[in-house]
Amino acid sequence: MTEEALAARPCSRCDRPIDGCELCEDPGCRVPICYRCLQVALGQAVPQPHTHGG
Amino acid sequence: MYHYAAGKLDWLAAGLATEGSNALRPRAGDVARRDVPTAALGERLGEVAERVRAAGWDACVVVNPQRVVFGLLRAKELAADPGLRVEEAMRPGPSTFRPYVSIVELARLMTDHGLESSPVTTSDGRLVGLLRRRDATRVAEELGGEGGNGGEGGGGG
């Protein structure tokens, strides 16, 4: 997979474009997750109606 | 200037006593191994690797004198050039988790992302222990689906 293709991969939970997986930082991660979704998954934050601003 | 006032989650993150039914569920801080070897930034990798192996470990947490986590040395890093300084070989700024994170969710995430181990730290970054995936998955399986977040928060850093 090219570097551009890796960079364009979205968060596996919210589809937001991210630079890389917040958890494992592996460029080949099959289930990349953004910081916000990681916080929600761990119970640190609650899902917001407007996930990324608004 | 912002003065941070410690709250309920910081109490939990410090590993202090809790009560209630939710307190009975094992969490990251309960399962993390507190006897994990540590190393300082300026040490030679060869000496650290020898010490870690002698202690029966394949990972080591890099901390400062206040035990604030700076990096992680997993098996791959420990096998690097023994002449390197620890700070040259370590994985800097590893993902860390607070001690109150649900062990079930954490085991799932560590499995999905192929993480063999992750440091557990307090809110101010001080090492609590190293959570190994095999320990997390074993406890999660014993719980058999119990032990979710249960209303208390988790935390990654």
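Read the figures in this text as sums done on the coordinates, not as results from a lab. Worth saying up front: this structure is predicted, and the values here are computed from it rather than measured. For neighbour counting, all protein chains shown are included, and Cβ atoms are generated from backbone atoms with ideal geometry for every residue, glycine included.
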Mean Cα-pair separation over length for segment B:75-134, i.e. relative contact order, pairs under 8 Å, 6 or more apart, %
27
Within chain B, helix-based [θ] at 222 nm, where runs of 4 or more DSSP H residues each add -39,500 (n - 2.57), nearest 500
-8000 deg cm²/dmol
Nearest-ten-degree value, helix B:103-112 long axis tilted from longest Cα axis of chain B
50
Amide H within-cut-off set for B:ALA39, under 5 Å, with H built and near neighbours excluded
B:VAL61, B:VAL62, B:VAL63
Of A:TYR35, B:TYR2, how do they rank once you tally other Cβ atoms within 10 Å and put the fewest first?
B:TYR2, A:TYR35
Give, as a single signed number, the net charge of other residues whose beta carbon lies under 10 Å from the beta carbon of B:SER118, with Lys and Arg counted +1 and Asp and Glu -1.
+1
Hits in segment B:125-144: amide N under 13 Å from the 7 Å Cα→Cβ extension of B:ALA75, namely B:133-134
Exposure proxy order (Cβ contacts within 10 Å, fewest to most) of B:TRP57, B:TRP11
B:TRP11, B:TRP57
In whole percent, what relative contact order does chain B give with Cα contacts below 8 Å and a gap of six or more residues?
28
Binned at 10 Å starting from 0, the alpha-carbon pair-distance distribution of the protein assembly as shown in whole percents comes out as 8, 31, 35, 21, 4, 0
Histogram of C-alpha separations across segment B:51-153, 5 Å bin width, %:
2, 12, 21, 21, 20, 12, 7, 3, 1, 0
In what order do B:PHE97, B:PHE70 fall by count of nearby beta-carbon atoms within 10 Å, going from fewest to most?
B:PHE70, B:PHE97
Spin-label point model (7 Å from Cα, Cβ direction): what's the B:ARG126 to A:ASP15 distance in nm?
4.5
